[in-house]
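The values are calculated or read from the model by the stated rules, or taken from the named source; none is laboratory data. Remember, predicted model here, so these are calculated numbers, not experimental data. Here the Cβ is made from the backbone with ideal geometry for all residues, glycine too, and neighbour counts use every protein chain on show. Side chains included, ligands, DNA and RNA excluded: accessible areas come from the protein's heavy atoms. Shrake-Rupley method; radii C 1.70, N 1.55, O 1.52, S 1.80 Å.
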Amino acid sequence: MIRFVDGHCDTIVKMADHGEDLWENQRHIDIKRLQEFGNPLQFFAIWLDPRHYPISLHKTMEYIDFYYQQLKLYEEYIAPVYSYEDIQKNDVCGKISALLSLEGGEALEGSLSILRMYYRLGVRAMTLTWNYRNALADGVLESETGGGLTKFGKEVVQEMNNLGMIVDVSHISEKGFWDVEKIAEQPYIASHSNAKAICPAARNLTDEQIKVIARRGGVIGINLYPPFLSEANHASMEDVLQHIDHIIELVGDDYIGLGSDFDGIEHTPFDICHVSDYSVLFQKIEARYSKDTMEKIGHRNFLRVLKKILK
Ligand SMILES: [Zn+2]
């Protein structure tokens with residue numbers, strides 16, 4: 001069975017908001033469908049709707065509690081990972097690995113102590129911003145301000161590097177990205193972003209950004225949101241492959257992973273409707289390149305970063 005690592009989904013927030021269940025649901029990801037793969041590792045992000053920003057910490061705690069309640073219910077099949085050894089352990093036990101991440105530094109409410117408490121609660125990756133300005137940096141939709149990382153944002157990146165938390169540059173302004181590049185001591189990831197050369201969406205990465213992520217040994221997770229895949233605004237697996245082609249041409253096949261954005265996007269490519277369809281994508285990647293490249297994109301590239309950063 002094919003293994004995969006996916007660097008971003010919003011499933012937990014969807015489940016919590018709608019009173020749904022991780023075992024089986026009508027959305028993009030559930031445990032039943034994850035079991036079709038060989039012990040996959042799914043990043044589960046906590047994203048906050050901007051209306052929750054005034055109570056960011058409170059709301060994030062509720063989502064984290066929901067996440068652990070769900071994992072407890074289905075502990076026979078899925079388990080949280082805090083270290084690289086946990087990933088290996090789950091693999092031996094035949095369990096799905098769940099990695100808790102935060103999407104947007106709003107959740108920190110301006111405090112490094114809260115960042116360290118999130119680490120203690122099992123958070124192992126964080127996107128520094130969502131689309132707008134926060135205490136850490138400007139997001140991509142604030143790019144007209146020219147703002148990058150704030151003093152606090154720099155402290156957060158340094159503390160994440162110290163703790164062993166993965167810095168995620170998806171959503172950050174370009175200036176913020178280059179500020180991270182200047183100070184990062186560990187590889188960083190763009191968990192769910194594509195190539196701007198193929199689709200010029202604000203959320204996508206320039207060739208220069210892709211090159212430095214690669215130089216750092218990081219990973220770019222391919223996002224399945226059609227407006228980030230194609231200017232036509234609708235997309236197919238073929239568009240996903242175009243982004244993969246471009247990144248491989250630019251830096252080789254060691255820095256591409258998956259970052260579906262499942263359950264955070266209202267539509268998907270017409271031939272990738274939910275997580276089960278990854279199996280068809282893997283077949284296509286293998287046919288187009290090789291089994292080796294398919295395995296790198298499917299899981300090995302992300303596992304390399306997790307091995308390097310998680311303590
Ligand atoms: Zn996102």
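Brief remarks follow.
- Hits in the range 97-112 (condition: open to solvent by less than 10 Å² (accessible area, probe 1.4 Å) and more than 16 Å from the ligand (Cβ to nearest atom)): SER97, ALA98, LEU108
- Residue tally, condition within 12 Å of ASP17 (Cα to Cα) and either touching a strand residue (DSSP E or B) at 6+ places or on another chain (Cβ under 7 Å) or within 15 Å of the ligand (Cβ to nearest atom) (or both), over the range 56-66: 1
- Among the residues of the range 64-85, those that are part of a helix (DSSP H, G or I) and either basic (Lys, Arg) or buried (at least 17 other Cβ atoms within 10 Å of the Cβ) (or both) comprise ILE64, PHE66, TYR67, GLN70, LEU71, LYS72.
- Selection over the range 35-55 of residues that are open to solvent by less than 50 Å² (accessible area, probe 1.4 Å) and either among the hydrophobic types (A, V, I, L, M, F, W, C) or more than 16 Å from the ligand (Cβ to nearest atom) (or both) gives a count of 10.
- Of residues in the range 1-16 being more than 16 Å from the ligand (Cβ to nearest atom) and open to solvent by 20 Å² or more (accessible area, probe 1.4 Å), the one nearest to ARG133 (Cα to Cα): ALA16
- Members of the range 1-59 found to be hydrophobic (A, V, I, L, M, F, W, C) and part of a strand (DSSP E or B), listed by number: VAL5, CYS9, LEU41, PHE43, PHE44, ALA45, ILE46, TRP47
- Single residue of GLY264, GLY252, GLY257 found to be within 16 Å of the ligand (Cβ to nearest atom) and either touching a Ser or Thr at 6+ places or on another chain (Cβ under 6 Å) or open to solvent by 10 Å² or more (accessible area, probe 1.4 Å) (or both): GLY264
- Residues that are within 16 Å of the ligand (Cβ to nearest atom), crowded, with 17+ Cβ neighbours inside 10 Å and in a helix (DSSP H, G or I), drawn from the range 113-143: VAL140, GLU142
- Just one of the numbered conditions (1) open to solvent by 40 Å² or more (accessible area, probe 1.4 Å); (2) in contact with a helix residue (DSSP H, G or I) (Cβ under 7 Å, 6 or more places away or on another chain); (3) modelled with pLDDT of 95 or more; (4) farther than 20 Å from TRP130 by Cβ is not true of ASN233: (3).
- Residue check, THR150 surrounded by fewer than 24 Cβ atoms within 10 Å (Cβ to Cβ) and either of a type outside the set (D, E, K, R) or farther than 20 Å from ILE247 by Cβ (or both): yes
- Here ASP271 passes the criteria (1) modelled with pLDDT of 95 or more; (2) open to solvent by 50 Å² or more (accessible area, probe 1.4 Å); (3) over 30 Å from GLU85 (Cα atoms) except the one numbered (2).
- Sole residue being more than 15 Å from the ligand (Cβ to nearest atom) and within 16 Å of the chain's Cα centre (by Cα), chosen from PRO187, PRO200: PRO187
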